[in-house]
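What follows is calculated from the coordinates using simple rules that are stated; it is not laboratory data. Here the structure is a predicted model, which means the values were calculated and not measured. Counting neighbours? That spans all protein chains shown, and the Cβs are built from the backbone with ideal geometry, glycine included.
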Amino acid sequence: MAGIAPKRRVAPAARGQRFAVVVARFNEPVSKKLLDGALAALAGHGVTGDAVEVHWVPGSFELPQAAQALARSGRFAGIVCVGAVIKGATPHFDYVCAVAAQGISRVGLDTGVPVTFGVITALTEEQAWERAGGAVGNRGEEAALAALEMAGWLRSLRRPEGKR
């Protein structure tokens, strides 16, 4: 998707819930900006302090496994995965991107916990920076807002009829 993501409607249901952010250390300067965006989005909706855990993993390939362990712990209403994969001269980029995207999606489907994709898959370092708080927005912020929205939506499904 090109451009800045559409504004999301986040219900106040996020208050009192816990979220995790899993950050890929590979391309760490970019990942750090994505983490900053995710934390700012969570804080903007009242999710701060002990309600947020940050977990670093070696790279984007490892994000799904960490997200799965966190989701299975039952402690989190949502999990935000952030990282950056920048294309090089080999097909390694394609494999890492595919594993990260499919794995992160699979964790959410298998566990029922919202697990969002804030992984930049860029052809150049310049494109990565544009998506880590530059002209195109911050994919970490967008992923955190998606996690908040989905956690609120799922929580509303569990309420008795008429209590939404």
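Data table
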read-out	value
Under 5 Å, built H, 5+ apart or other chain: amide partners of Gly59	Arg25, Phe26
Built amide H within the under 5 Å cut-off of Ile120, gap 5+	Gly83, Ala84, Val85
Ranked packing of 52-58, 112-118, 74-80, most packed first, by mean Cβ within 10 Å	112-118, 74-80, 52-58
Ranked packing of 19-25, 42-48, 139-145, 82-88, most packed first, by mean Cβ within 10 Å	139-145, 19-25, 82-88, 42-48
HN-Hα J in Hz across segment 126-133 - Karplus 6.51, -1.76, 1.60, θ = phi - 60°, x for Gly and Pro	4, 4, 4, 5, 4, 9, 10, x
Calculated [θ] (222 nm, deg cm²/dmol) that DSSP helices of n ≥ 4 give over the chain, each run adding -39,500 (n - 2.57)	-14000 deg cm²/dmol
Folded to 0 to 90 degrees: helix 28-43 orientation relative to the chain principal axis, Cα	20
Simple label model, 7 Å out from Cα along Cβ direction - Ala89 to Glu53, nm	4.2
Computed label-point distance, nm, for sites Asp36 and Thr124 using a 7 Å Cα→Cβ extension	2.2
Helix 92-111 axis, angle to the chain major axis (alpha carbon atoms, nearest 10°)	10
Computed Kirkwood radius, in angstrom, where 1/r is averaged over Cα pairs of the chain	15.7
Cα-based helix-to-principal-axis angle, 63-72 vs the chain, degrees rounded to 10	20
